[in-house]
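Here the structure is laid out as structure tokens; the discussion comes afterwards.
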Amino acid sequence: MSLPDLSDMAVLGAGWLLGKLDRWVSTRSNADTQQAQALALLTQSLTHLDKTIGRLDGAIDRLWERTNEMEHRISTLEGQMKP
């Protein structure tokens, strides 16, 4: 059995390198896809959080308004009770 000649070895080496490159590109593509999906989920979560904070801010404002109204009523009642 004779040894393969140099051109056969070059073809085998090139095939091996292309296989490695294909696996690397595929892995990189999958990583990019996963990163894009994670960023999309993060964006959705941040949007939801922003809306929730907005609702909470509105609720706090209403609570402060009620507290101020109750303090005003108490002050008025206290003023009316003084002889």
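Overview of values
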quantity	calculated
Meets criteria (open to solvent by less than 90 Å² (accessible area, probe 1.4 Å) and either at pLDDT 95 or above or within 24 Å of the chain's Cα centre (by Cα) (or both)) for A14	no
Residues that are open to solvent by less than 70 Å² (accessible area, probe 1.4 Å), within 12 Å of the chain's Cα centre (by Cα) and of a type in the set (A, V, I, L, M), drawn from the stretch 17-54	A36, A38, A40
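The values are calculated or read from the model by the stated rules, or taken from the named source; none is laboratory data. Nothing here was measured: the structure is a model prediction, and the numbers come from that model. Note: areas computed on protein heavy atoms with side chains; ligands, DNA, RNA excluded. Shrake-Rupley method; radii C 1.70, N 1.55, O 1.52, S 1.80 Å.
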